[in-house]
Structure formats: C-alpha cells, structure tokens
Amino acid sequence: MTAQSRFPDFPPVETVRDQAVVEVLAPRYAVYAAAVRSTIDGAADYDEAVTADLLTQISATIARQR
C-alpha cells in the first residue's frame, strides 16, 4: 500500500481479468464509500452545508453503482 493511500495496491494488470477485476475493485469502492460518508460528517461539523450536500449526492451515486 502506498503511504498516502487508503487503498491496497492493485495487483499486476496481467493477473487481473474478467470476474477478478470485480473482486479487486469491490473492496476499493467500499473504502471510497466509507471515506465519503465520514467526510460528510466532517463537513457538517464545520457548518459546510453545501459541501455536505455535495458529498451526500456523491455518496448516493456510489450506492447506486454497487
């Protein structure tokens, strides 16, 4: 894992095909979704209603993609 990333390293491209791509990406989407949801709370804590609303819309889009 890179030092600044919350995501695990992506396996070598030549080893990831078909269903394996889904299996590799699914946990990463979960990490991304969790990060967006936690950021919504942070924005609300700073009275950033517009930012919180934008992040809520992003979170809803992520949820629809699952």
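The values are calculated or read from the model by the stated rules, or taken from the named source; none is laboratory data. Keep in mind the model is a prediction, meaning the values are calculated, not measured. Virtual Cβ from ideal backbone geometry, glycine too; neighbours counted across all protein chains shown.
Does Ser5 satisfy the criteria of being of a type in the set (Ser, Thr, Tyr), under 15 Å from the mean Cα position of the chain (by Cα), part of a helix (DSSP H, G or I) and exposed (fewer than 13 other Cβ atoms within 10 Å of the Cβ)?
Numbers: of a type in the set (Ser, Thr, Tyr): yes; under 15 Å from the mean Cα position of the chain (by Cα): yes; part of a helix (DSSP H, G or I): no; exposed (fewer than 13 other Cβ atoms within 10 Å of the Cβ): yes.
Answer is no for this residue.
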Condition set in a helix (DSSP H, G or I), more than 18 Å from Phe10 (Cβ to Cβ) and among the acidic types (Asp, Glu), scope the range 21-66, selection modelled with the highest pLDDT: answer is Asp53
Taking the range 29-53 and the residues there that are surrounded by 14 or more Cβ atoms within 10 Å (Cβ to Cβ) and free of Cβ contacts under 8 Å to residues at least 24 places away in the same chain, the one that is nearest to the chain's Cα centre (by Cα) would be Arg37
